[in-house]
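Asks: The structure under discussion is supplied below as structure tokens; questions concerning it will follow.
The values are calculated or read from the model by the stated rules, or taken from the named source; none is laboratory data. Quick caveat: nothing in here was measured; it's all calculated off a predicted structure. Every residue, glycine as well, gets a Cβ built from its backbone with ideal geometry; the counts of neighbours run over all protein chains shown. Quick note on the areas: whole protein, heavy atoms, side chains included, nothing else; ligands and nucleic acids left out. Shrake-Rupley method; radii C 1.70, N 1.55, O 1.52, S 1.80 Å.
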Amino acid sequence: MTIDRRASLKLLAGAAAASATMTGLGRVALAQTAAPAFTLPPLGYAYEALEPHIDTATMNFHHKNHHNAFIGILNAQVEKWPDLAKKPIEEIISNLSAVPENVRTPVRNAGGGHWNHTFFWDLMTPGGAKAPTADVASAINGAFGSQDKMVEAFTAAAIGRFGSGWAWLAVGKDKKLAVFNTPYQDTPHMDMGAKPILGIDVWEHAYYLKHQYRRADYVKTWWNTVNWDKVAANFKKASA
Ligand code: MN3
């Protein structure tokens, strides 16, 4: 390299950096002309809407960061296995043995995470019915004896999940309602073939900012946010 060239580079360093940034932006814009296969679904309510039960900061980080991380992982798997973008995620995670081995673990974790969180956001609402609809109440009474007994069993499953995971009220293969929990981002579709109608995220990120280690406090207050209209819709679909 000549002295002149070095001097030019030094003088132009600022401009070069600016130019590189513009080139970078240009590339990003080009790459985005093909829409990503997975995108973060918007919340149906504001981040602060579930206060005081679920705090604004938790909702914000949980949606924009935790959920969005799964979207990024899924989009990265599409490059390795384009079929991932061709079927609904629920269908893919319901039949993980059909997923190629080289992407199966990230599809299980991030596909489950995406499905779980999308389901979870819709289960909460600042308004909506405060008690189960007649159909759901009747099924709950049939399976558990009463609404209180179901809440007790569900709460025990949520508190009893060791480490990270989810608790569920789901329609099993036998068409009966059951309560259980799953580890990590596993969903009731995986392995069990069950169809959830209600679920709670019991990962620490779902409650630690407000409740710290007190998971039971979070579960107790979370019941105030449940959208029983949505549970009824889920029940109808799961029972069909
Ligand atoms: Mn979560």
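Asks: Once you have the Cα-Cα distance between residue 118 and residue 221, take 0.36 nm times their residue separation minus that, and quote the gain in nm to one decimal. Please list the in-between numbers first.
Replies: Values: separation 103, 0.36 × 103 = 37.08 nm, distance 2.04 nm.
In short, 35.0 nm is gained.
Asks: Tell me, what is the percent relative contact order of the chain, built from C-alpha pairs under 8 Å that lie six or more residues apart?
Replies: Computed over the chain, the figure is 21 percent.
Asks: From the P(r) of region 115-189, could you give the percentage of C-alpha pairs in the tail past 20 Å?
Replies: More than 20 Å apart: 36 percent of the Cα pairs in region 115-189.
Asks: Say R0 is 22 Å: what FRET efficiency, to the nearest 0.05, do residue 130 and residue 55 get from their beta-carbon distance?
Replies: 0.60
Asks: Something else about it: Along the three principal axes, how long is the chain when you take its alpha carbons, biggest first, rounded to the nearest angstrom?
Replies: Taking max minus min along each principal axis of the Cα atoms, the chain gives 87, 42, 30 Å.
Asks: List the lysines whose alpha-carbon lies under 26 Å from that of residue 176, not counting same-chain residues fewer than 8 positions away?
Replies: Qualifying lysines at Cα under 26 Å: 130, 149, 195, 220, 230, 236, 237.
Asks: At 0.36 nm per residue, minus the direct Cα-Cα distance, what do residue 236 and residue 147 gain on full extension? Give it in nm, one decimal, please. Each step should come with its number before you reach the end.
Replies: Numbers: separation 89, 0.36 × 89 = 32.04 nm, distance 1.81 nm.
Here the segment from residue 236 to residue 147 would lengthen by 30.2 nm.
Asks: Further, regarding this structure: What length, rounded to one decimal in nm, is gained on full extension from residue 83 through to residue 65, with 0.36 nm per residue of separation minus their alpha-carbon distance? Don't skip to the end; give the middle numbers.
Replies: Values: separation 18, 0.36 × 18 = 6.48 nm, distance 2.56 nm.
Answer, rounded to one decimal: 3.9 nm.
Asks: A further question on this structure: Could you tell me the distance between the Cα centroids of region 174-224 and region 49-84, to the nearest Å?
Replies: Using only Cα atoms to place each centre, the spacing works out to 17 Å.
Asks: If you roll a 1.4 Å probe over the heavy atoms of the protein chains, what accessible area per residue do you get for the chain, in Å²?
Replies: On a per-residue basis, the chain sits at 54 Å².
Asks: Could you pull the accessible area for residue 54 with a 1.4 Å probe, rounded to 10 Å²?
Replies: Spelled out: residue 54, probe radius 1.4 Å, area about 10 Å².
Asks: Put +1 on the Cβ of every Lys and Arg and -1 on every Asp and Glu Cβ in the chain; which of 105, 44, 134 then has its Cα farthest towards the positive end of the dipole?
Replies: 105
Asks: Calculate the dipole size of region 63-141 relative to its Cα centre from +1 charges on Lys and Arg beta carbons and -1 charges on Asp and Glu beta carbons; express the result in debye to the nearest 20. Before the final figure, lay out each step's value.
Replies: Details: 7 positive and 7 negative charges, 36 e Å.
Around 180 debye, computed over region 63-141.
Asks: Take the Cα coordinates of region 60-142, assign each an equal point scatterer, and use the Debye formula without solvent to give log10 I(q)/I(0) at q = 0.14 Å⁻¹.
Replies: Each listed q maps to, in turn, -0.60.
Asks: Work out which trypsin sites (Lys or Arg not before Pro) in the chain are exposed loop sites (DSSP not H, G, I, E or B, at most 15 other Cβ within 10 Å) and give the longest gap free of them.
Replies: 1-85
Asks: Might you report the magnitude of the Cβ-based charge dipole of the chain about its Cα centre, with Lys and Arg at +1 and Asp and Glu at -1, to the nearest 20 debye?
Replies: That gives a dipole near 420 debye.
Asks: Then there's this: Of all accessible surface on the chain at a 1.4 Å probe, what whole percent is carbon and sulfur?
Replies: For the chain, the apolar C and S fraction of the accessible surface comes to 58 percent.
Asks: Let me ask another. Residue 109 versus residue 91, label points 7 Å from Cα toward the beta carbon: distance in nm?
Replies: 2.7 nm
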